[in-house]
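Peer 1: One structure is given below, represented as structure tokens, and several questions about it will come after.
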Amino acid sequence: MRPHPPLALCAAGLATLLAACPRGTDTATPTPTTAAATRPKLVVLVVIDQLPSWSFDRDRDDLAGGIAGLLDRGALWPKARYPYATTNTAPGHATIGSGTTPSEHGIIANRWYVEGQRVGVDRDDAVAQFGVVDGARHRGGASAHHLQVPGIADALHAAAPAGKAVAIAWKPRAAVLMLGQHPDLALWFDAEQGAMTTSTAYADRLPAWVAPLAAAHPPSALLQPWHADDAEALARMTGRGDDQDGEGDPAGLGARFPTIPAPRRHRSRRSACCPRPTACWSTPQSRPSTVSSWAATRCPICWRCRSRRTTTPATRGARNPGNAARTCSTSIAGSHG
């Protein structure tokens, strides 16, 4: 099931596993032990958007593996709160990574307007993003140049200069804002290349292991219809069926699982959109026979076109590309956090 984008809030969880540290509560203070007092060699910070702490108790009997281990042998603080209103990925990650609020660290949203254009807070035209295949530098990378305060990486470097801080995330804004201003490396997934990459803000060249990793694990191998391994357990954990009121449809694939990926979404986000717009529609037969030249040559759901507006009579109606573009503008921005 997909939550409706406007109702989706970013919920973050911090998990640090210390083998000898007893499980705590929001009122009890764990008793210091030799293991807990020893400076750890590795600390892993995991942040999962939209995963609320109250779900741990609700789903405890169905949890196994890493999360169950953290709950059994880690310290749990279930009532942490952001000291401000609703949050998104960028301000939430910046708050976790710096210990300050948006009024201090300066990251107030995922995107804002610069000279009339809506841009991401991580966008930095002064740096370049690396091409995974050719290693070339492409203008318009990502960095934490808007972050106004130091973060975890900066504190680590001050306390232990030999220490390393690396951020890996699906979105560039999550990677660059999680650890502060100067992490040793920040990697994120670039959908256009289908691989992890970084920018010149964090490296002189792409790490040698990135390209082989992309070749060994192409994302195209995952583009298969999704089926629940245990439909009964899924229904029990969610407490409701699929396709409920309030679910969004940001990618045009419908709100019911399993979904079948569109054959071609777009060719290049920096140049041309999908040359066959009908391939981007979940129901191509509903596409009107007469549309404007703009709507006919632009993919209605790809990122480059979602902020466009069409107002010509040919593009008005319940199921035309003009309305699809307007709907996509709200849904994609909200669901991606």
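Peer 1: Considering each of 119, 114, 132, 149 in turn, give the residue that is over 26 Å from residue 47 (Cα atoms) and either aliphatic (A, V, I, L, M) or touching a Ser or Thr at 6+ places or on another chain (Cβ under 8 Å) (or both).
Peer 2: Answer to the check: 114.
Peer 1: Could you say whether any residue in segment 20-27 is at pLDDT 85 or above and either out of contact with any Leu (no Cβ under 9 Å at 6 or more places or on another chain) or among the β-branched types (Val, Ile, Thr) (or both)?
Peer 2: Scanning segment 20-27, I find no residue that is at pLDDT 85 or above and either out of contact with any Leu (no Cβ under 9 Å at 6 or more places or on another chain) or among the β-branched types (Val, Ile, Thr) (or both), so the answer is no.
Peer 1: Output the residue which, of all residues in segment 195-243 that are free of Cβ contacts under 8 Å to residues at least 60 places away in the same chain and within 14 Å of residue 130 (Cα to Cα), is surrounded by the most Cβ atoms within 10 Å (Cβ to Cβ).
Peer 2: For segment 195-243, the residue satisfying everything is 202.
Peer 1: A follow-up question, please. Looking at 152, 107, which one is surrounded by 15 or more Cβ atoms within 10 Å (Cβ to Cβ) and more than 28 Å from residue 194 (Cα to Cα)?
Peer 2: 152
Peer 1: Also, I was wondering about something else. If you check 256, 236, which single one turns out to be farther than 20 Å from residue 119 by Cα and in a loop (DSSP other than H, G, I, E, B)?
Peer 2: Of 256, 236, the one residue that is farther than 20 Å from residue 119 by Cα and in a loop (DSSP other than H, G, I, E, B) is 256.
Peer 1: OK, next. Any chance segment 160-167 includes a residue that's closer than 30 Å to residue 39 by Cβ and in a strand (DSSP E or B)?
Peer 2: yes
Peer 1: Which ones in segment 57-75 are surrounded by 15 or more Cβ atoms within 10 Å (Cβ to Cβ) and touching a helix residue (DSSP H, G or I) at 6+ places or on another chain (Cβ under 8 Å)?
Peer 2: 63, 67, 71
Peer 1: Test of understanding: among 92, 135, which residue is surrounded by 13 or more Cβ atoms within 10 Å (Cβ to Cβ) and within 25 Å of residue 165 (Cβ to Cβ)?
Peer 2: Among 92, 135, only 92 is surrounded by 13 or more Cβ atoms within 10 Å (Cβ to Cβ) and within 25 Å of residue 165 (Cβ to Cβ).
Peer 1: Restricting to segment 179-206, count the residues that are outside any strand (DSSP E or B) and of a type outside the set (Gly, Ala, Ser).
Peer 2: Within segment 179-206, residues that are outside any strand (DSSP E or B) and of a type outside the set (Gly, Ala, Ser) number 13.
Peer 1: Also, quick follow-up: Quick check on my filter: what residues within segment 155-185 are of a type outside the set (Gly, Ala, Ser) and surrounded by fewer than 18 Cβ atoms within 10 Å (Cβ to Cβ)?
Peer 2: Selection gives 161, 164, 166, 168, 170, 182, 184, 185.
Peer 1: Hey, another quick one. Can you report the number of residues in segment 92-114 which are touching a helix residue (DSSP H, G or I) at 6+ places or on another chain (Cβ under 8 Å) and without any contact (Cβ under 8 Å) to a residue 24 or more places away in the chain?
Peer 2: Matching residues across segment 92-114 total 5.
Peer 1: Please count how many residues of segment 46-69 are in a loop (DSSP other than H, G, I, E, B) and either outside the structural domain of residue 167 (by TED's automatic domain parsing) or farther than 15 Å from residue 237 by Cα (or both).
Peer 2: 5
Peer 1: Could you please tell me which pairs satisfy a Cβ distance under 6 Å, a separation of 6+ or placement on different chains, a first residue in segment 135-160 that is in the same structural domain as residue 205 (by TED's automatic domain parsing) and in contact (Cβ under 8 Å) with a residue 60 or more places away in the chain, and a second residue that is buried (at least 17 other Cβ atoms within 10 Å of the Cβ) and in a helix (DSSP H, G or I)?
Peer 2: Every condition considered, the pairs that remain are 152/97.
Peer 1: Okay, moving on. Would you be able to tell me the number of residues in segment 57-90 that are under 21 Å from residue 170 (Cβ atoms) and either of a type in the set (Gly, Ala, Ser) or touching a Phe, Trp or Tyr at 6+ places or on another chain (Cβ under 8 Å) (or both)?
Peer 2: 4
Peer 1: Could you say whether any residue in segment 260-281 is hydroxyl-bearing (Ser, Thr, Tyr), surrounded by fewer than 11 Cβ atoms within 10 Å (Cβ to Cβ) and modelled with pLDDT of 80 or more?
Peer 2: No: zero hits.
Peer 1: Let me spell it out: the conditions are (1) farther than 19 Å from residue 98 by Cβ; (2) small (Gly, Ala, Ser); (3) in contact (Cβ under 8 Å) with a residue 24 or more places away in the chain, and residue 126 meets all of them except one. Which number is the exception?
Peer 2: Just one mismatch for residue 126, condition (3).
The values are calculated or read from the model by the stated rules, or taken from the named source; none is laboratory data. What you are looking at is a predicted structure, and each value in this text was computed from that prediction instead of being measured. Positions of Cβ are generated from backbone atoms using ideal geometry, with glycine treated the same way; all protein chains shown enter the neighbour counts.
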